[in-house]
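The values are calculated or read from the model by the stated rules, or taken from the named source; none is laboratory data. From a predicted model like this one, the values you see are computed outputs, not experimental measurements. So basically every Cβ, Gly included, is an ideal-geometry build from the backbone, and we count neighbours across all protein chains shown.
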Amino acid sequence: MTMSVEEKLGVNKFFVNEGKPHIEIDPNYPDMKEKLKLVKACPGGLYKLNENGTLSFDYAGCLECGTCRILCLGTVVKKWEYPESTMGVEYRYG
Amino acid sequence: MSEFDAIIVGGGLAGSTAAYVLAQQGLEVLLIERGNYGGSKNMTGGRLYAHSLEKIIPNFAEEAPVERRVVKERISMMTENDAFTIDYHSPRLAQAGSDSYVVMRGEFDRWLFDKAEEAGAMTAAGIKVDELIVENNRVTGVICGDEEMRADVVILADGVNSLLAEKAGLRKRVQPSQVAVGVKEVYGLPAKVIEDRFGLTGNEGTAWLFAGSPSNGLVGGGFLYTNKESISLGLVLGLEHIGESEKTIEEMMVAFSNHPEIAPLIKDAKLLERSGHVVPEAGLSMVSTLYGDGYLICGDAAGFCLNIGYMVRGMDLAIASGEMAAKAVIAAKEKGDFSSATLQSYKTMLDESFIMKDLAVYKNFPSFMENPRIFNQYPAMVSEIMAEMFIVNGSPAVPLRKKAMKHLKTVGLMNLLKDGFKGVKSV
């Protein structure tokens, strides 16, 4: 049985702050190399390249690792904060 | 007047240790954690070397939620379908004083956080610190939402990303070349099945690292740790060149978990959690500001991590640095002076401890690991030599030294000598 990354994240416990993303990106950022870094490196597989070359990102499954911030803050990543108090991922195992 | 002697930001191992030690000495401490409990945002591979916590809470493993005590060390070199493994099994690994435990941070950190509370620290879980208060170049407190709280000293134990230190200009932004991304999957299995699959009895555990195909050419590798009733399986991948990788981290994770060496070990297991975290990897070169007027930085936030290929350590350093930060605060309180000049005793203690000494011994290792031969050519070479040794198919025999030489030459004898020499020097 192969699980998709979305299904894998589905077993986690998340408190999603609906409508209040803690990370904001520029989906139309021109440099493809920068966008690919995020597609390759996000351990939640949350950055996806669309057919038209734009980037989509879903903050709801964020593991709060900071990888995208370290790689692309100031380029593709416009804002990176931790989720508000009590929100976000909650590791039961960790 | 400050409301607290110390405010500690971050309820991980460094922060909770600092809070525990300070509270035990009767100081007024506030320990703040943004998650709903200590450890709720934390993740490790992972294994905790017991020595540093043992000094603070003797026999902690008897009461703490540890998974298994490691008695079996394995290191594998992997290619796409092959694995060459070194297996070291010894009761000496489990002896008091040199013992190590597989832990899961959601449970383990929560226990230590609660210990700090029991010792008398005031704890606030589910509260995010937004900013430090800096007045006259001195850290005097923290801001959470619209609330300000003040203390004589603030201990920053807010993890590898330490946004607070960066925002306040106390630390530079972490660079991709200094860190790796870790991804982990926890697979549930009955204890009996784990013991049978790994040849373990009772609370014995296995720690296993993998070099070669798991990191797909990047600096890094795979790991596997046995928990009581689950297996932790994951990858650590250097960020510097990750954009150039032809595979995504998920594709690498799938390939690793489907590898013929791994797949039977997690067969019929149920995925319990998928986690991710950034790992400081650059050793001594990424240790930055440690103290200043009104503040101390410890744990991952200070960059305390040792990765020397066959061994990865961060948690024992975090605990020891939390303890030293607390001791520096206790000394400062006695003097009634929380300036940089007094808090410098933290750095002195670090310098005299295993933390800075070990970081100095292994300071060249991170740059040695930048060598792509280590993650590509050597695992392939070993696998080819093993195949030559063990495969019998009726072709005329060739002396082993000739067989081996062919593969050594693929890498280049000079490269082998050079890397061997550098490698031995760096560890």
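Of all the residues that make up the range A:22-52, how many are closer than 29 Å to residue B:271 by Cα and in contact with a Cys (Cβ under 9 Å, 6 or more places away or on another chain)?
10
Taking the criterion of being within 14 Å of residue B:350 (Cβ to Cβ) and assigned to a helix (DSSP H, G or I), would at least one residue in the range B:289-301 satisfy it?
yes
Cβ-Cβ below 7 Å, separation at least six or inter-chain, first residue in the range B:120-135 and away from chain A (no Cβ under 14 Å) and more than 24 Å from residue B:110 (Cβ to Cβ), second in a strand (DSSP E or B) and of a type in the set (S, T, N, Q): which pairs?
Listed pairs, sorted by first residue: B:133/B:140.
Evaluate the range B:106-117: report whether one residue or more is under 30 Å from residue B:166 (Cβ atoms), more than 14 Å from every other protein chain (Cβ to nearest Cβ), in contact with a Leu (Cβ under 7 Å, 6 or more places away or on another chain) and modelled with pLDDT of 95 or more.
yes
Using the structure shown, decide if residue A:34 is over 22 Å from residue B:238 (Cα atoms), within 12 Å of chain B (Cβ to nearest Cβ) and in contact with a helix residue (DSSP H, G or I) (Cβ under 8 Å, 6 or more places away or on another chain).
no
Identify all residues within the range B:163-209 that are among the hydroxyl-bearing types (Ser, Thr, Tyr) and either touching a Ser or Thr at 6+ places or on another chain (Cβ under 8 Å) or in a strand (DSSP E or B) (or both); write none if there are none.
Residues satisfying the conditions are B:187, B:206.
Only one residue in B:101, B:88 is in contact with a helix residue (DSSP H, G or I) (Cβ under 9 Å, 6 or more places away or on another chain), more than 14 Å from chain A (Cβ to nearest Cβ) and closer than 25 Å to residue B:199 by Cβ. Which one?
B:101
Residue check: is residue B:87 within 26 Å of residue B:224 (Cβ to Cβ) and either outside any loop (DSSP other than H, G, I, E, B) or within 21 Å of the chain's Cα centre (by Cα) (or both)?
It is true that residue B:87 is within 26 Å of residue B:224 (Cβ to Cβ) and either outside any loop (DSSP other than H, G, I, E, B) or within 21 Å of the chain's Cα centre (by Cα) (or both).
List the residue pairs whose Cβ atoms are under 7 Å apart, where the first residue sits in the range A:1-24 and is within 10 Å of residue A:62 (Cβ to Cβ), the second is in a strand (DSSP E or B) and basic (Lys, Arg), and the two are 6 or more positions apart or on different chains.
Within 7 Å, the pairs are A:9/B:274; A:23/A:79.
Being assigned to a strand (DSSP E or B) and either assigned by TED's automatic domain parsing to the domain that holds residue B:346 or among the acidic types (Asp, Glu) (or both) is true for just one of B:127, B:155. Which residue is that?
None of the others qualify; the one that does is B:155.
Given the residues B:121, B:83, B:116, B:50, which is the only one that is assigned by TED's automatic domain parsing to the domain that holds residue B:164, crowded, with 18+ Cβ neighbours inside 10 Å, touching an Asp or Glu at 6+ places or on another chain (Cβ under 7 Å) and not hydroxyl-bearing (Ser, Thr, Tyr)?
Sole residue among the options that is assigned by TED's automatic domain parsing to the domain that holds residue B:164, crowded, with 18+ Cβ neighbours inside 10 Å, touching an Asp or Glu at 6+ places or on another chain (Cβ under 7 Å) and not hydroxyl-bearing (Ser, Thr, Tyr): B:50.
Would you mind stating whether residue B:267 is at pLDDT 95 or above, surrounded by fewer than 24 Cβ atoms within 10 Å (Cβ to Cβ) and facing chain A (nearest Cβ under 8 Å)?
no
Scan the range B:33-41 and give yes if some residue there is crowded, with 18+ Cβ neighbours inside 10 Å and of a type in the set (Phe, Trp, Tyr), otherwise no.
Within the range B:33-41, one or more residues are crowded, with 18+ Cβ neighbours inside 10 Å and of a type in the set (Phe, Trp, Tyr).
For the structure I just gave you, tell me whether residue A:94 is surrounded by 16 or more Cβ atoms within 10 Å (Cβ to Cβ) and more than 7 Å from chain B (Cβ to nearest Cβ).
So residue A:94 does not fit the description; no.
Can you report the number of residues in the range B:270-295 which are within 16 Å of the chain's Cα centre (by Cα) and within 14 Å of chain A (Cβ to nearest Cβ)?
Going through the range B:270-295 one residue at a time, the tally reaches 9.
Among the residues of the range B:242-262, is there at least one that is farther than 28 Å from residue B:368 by Cα and under 19 Å from the mean Cα position of the chain (by Cα)?
There is no residue in the range B:242-262 that is farther than 28 Å from residue B:368 by Cα and under 19 Å from the mean Cα position of the chain (by Cα).
I'd like the full set of residues that are more than 16 Å from residue B:319 (Cβ to Cβ), assigned to a strand (DSSP E or B) and either of a type in the set (Lys, Arg) or touching a Cys at 6+ places or on another chain (Cβ under 9 Å) (or both), limited to the range B:34-74.
Once the filter is applied, which keeps residues that are more than 16 Å from residue B:319 (Cβ to Cβ), assigned to a strand (DSSP E or B) and either of a type in the set (Lys, Arg) or touching a Cys at 6+ places or on another chain (Cβ under 9 Å) (or both), the range B:34-74 yields B:68, B:69, B:72, B:74.
Residues are listed down the side, and each one gets a yes or a no for (1) out of contact with any Ser or Thr (no Cβ under 8 Å at 6 or more places or on another chain); (2) at pLDDT below 95; (3) over 27 Å from residue B:40 (Cα atoms):
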| residue | (1), (2), (3) |
| --- | --- |
| A:9 | yes, no, no |
| A:13 | yes, no, no |
| A:30 | yes, no, yes |
| A:34 | no, no, yes |
| A:65 | yes, no, no |
| A:93 | no, no, no |
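So, in the range A:53-90, exactly how many residues are free of Cβ contacts under 8 Å to residues at least 40 places away in the same chain, at the interface with chain B (Cβ under 7 Å from one of its Cβ atoms) and among the hydroxyl-bearing types (Ser, Thr, Tyr)?
2
Considering only the range B:356-377, state which residues are hydroxyl-bearing (Ser, Thr, Tyr) and assigned to a helix (DSSP H, G or I).
Scanning the range B:356-377 gives a single hit, B:367.
Check the range B:316-323 and report whether any residue there is surrounded by fewer than 24 Cβ atoms within 10 Å (Cβ to Cβ) and small (Gly, Ala, Ser).
No, the range B:316-323 contains no residue that is surrounded by fewer than 24 Cβ atoms within 10 Å (Cβ to Cβ) and small (Gly, Ala, Ser).
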